[in-house]
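Reviewing the structure listed below.
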Amino acid sequence: MSAVPELAAVLDQVVGLVDSVGEREWSAPTPCEEWDVRAVVGHLLDVQQRFLANLTAQPVRTRPDVGENAQLLVNAFAEEGALERLVPDRLGEITGLTLLKILMMEHLAHGWDLGQALGRPPVFDEEVVERTLDFVERMSPKVPPALRRFDEPQPVAPNAPAIDRLAARLGRKVPA
């Protein structure tokens, strides 16, 4: 499977989880200690809109729907040359493929957060998560400390599912 269909599959899982949030669940705490479910979803909306603007060089247009944003992102990344294009990011100019991988990491991490908060963990492809974990391991040393957004890595069993190892690598306390 190539990067764009993999991203689409991850986004589908997260969109399904967001769509399943009940009225009383929006204020549920998440493993992101300062954010409840509503704040995590708000962060995902912000990330989606910002990345779409960076990739397409178009101004951000507010779309308060994670699913609509997800489809726009998949379409934009699927355009010819999008993965090779240099795009602006807080890390500097990066390729569209690197932007896609960062977006994947964001959705995997925050999908895990939402799944923990709601008691409905999404089912992500283990190989996709493994590749994302490898990407995080390779990229983390290159990110200046002032730009790091995740907490220090937490302990996790080496044989834990890839999504739990990714969550722990990004500072989440993974239940035993």
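Is it the case that some residue within the range 155-162 is among the β-branched types (Val, Ile, Thr), free of Cβ contacts under 8 Å to residues at least 60 places away in the same chain and surrounded by fewer than 16 Cβ atoms within 10 Å (Cβ to Cβ)? Steps first, answer last, please.
As a first pass, look at the range 155-162 and keep what is among the β-branched types (Val, Ile, Thr): 156.
The next check asks that each one be free of Cβ contacts under 8 Å to residues at least 60 places away in the same chain; those that pass are 156.
From what is left, the residues that are surrounded by fewer than 16 Cβ atoms within 10 Å (Cβ to Cβ) are none.
Looking for residues that are among the β-branched types (Val, Ile, Thr), free of Cβ contacts under 8 Å to residues at least 60 places away in the same chain and surrounded by fewer than 16 Cβ atoms within 10 Å (Cβ to Cβ), one finds none in the range 155-162, hence no.
Only one of these is at negative phi, out of contact with any Asp or Glu (no Cβ under 8 Å at 6 or more places or on another chain) and either aliphatic (A, V, I, L, M) or surrounded by 18 or more Cβ atoms within 10 Å (Cβ to Cβ) (or both): Gly96, Gly42, Gly115. Name it. Let's see the steps before the verdict.
Values: Gly96 fails: out of contact with any Asp or Glu (no Cβ under 8 Å at 6 or more places or on another chain); Gly42 fails: either aliphatic (A, V, I, L, M) or surrounded by 18 or more Cβ atoms within 10 Å (Cβ to Cβ) (or both).
Result: Gly115 is the single residue among Gly96, Gly42, Gly115 that is at negative phi, out of contact with any Asp or Glu (no Cβ under 8 Å at 6 or more places or on another chain) and either aliphatic (A, V, I, L, M) or surrounded by 18 or more Cβ atoms within 10 Å (Cβ to Cβ) (or both).
Listed by position, the helices (runs of 4 or more DSSP H) contained in the range 1-92 that have at least 3 residues being modelled with pLDDT under 95 are 37-56, 66-78. Applying a threshold of 7 Å to beta carbon distances and a minimum spacing of six or more residues, or different chains, the list of pairs starting in the range 33-45 at a residue that is more than 18 Å from Gly171 (Cα to Cα) and ending at one that is β-branched (Val, Ile, Thr) and part of a helix (DSSP H, G or I) reads Val41/Val18; Val41/Val66; Leu45/Val66.
Considered as a group, the residues in the range 98-144 that are in a helix (DSSP H, G or I) and of a type in the set (Phe, Trp, Tyr) include one that is farthest from Val10 (Cα to Cα), and that residue is Phe135.
A search for C-beta distances below 8 Å between a residue of the range 63-77 that is among the small types (Gly, Ala, Ser) and any residue that is part of a loop (DSSP other than H, G, I, E, B), counting only pairs 6+ apart in sequence or on different chains, returns Ala76/Ala82.
The values are calculated or read from the model by the stated rules, or taken from the named source; none is laboratory data. Since we're looking at a predicted model, the values are computed, not measured. Every residue, glycine among them, receives a Cβ derived from its backbone with ideal geometry; neighbour counts consider all protein chains shown.
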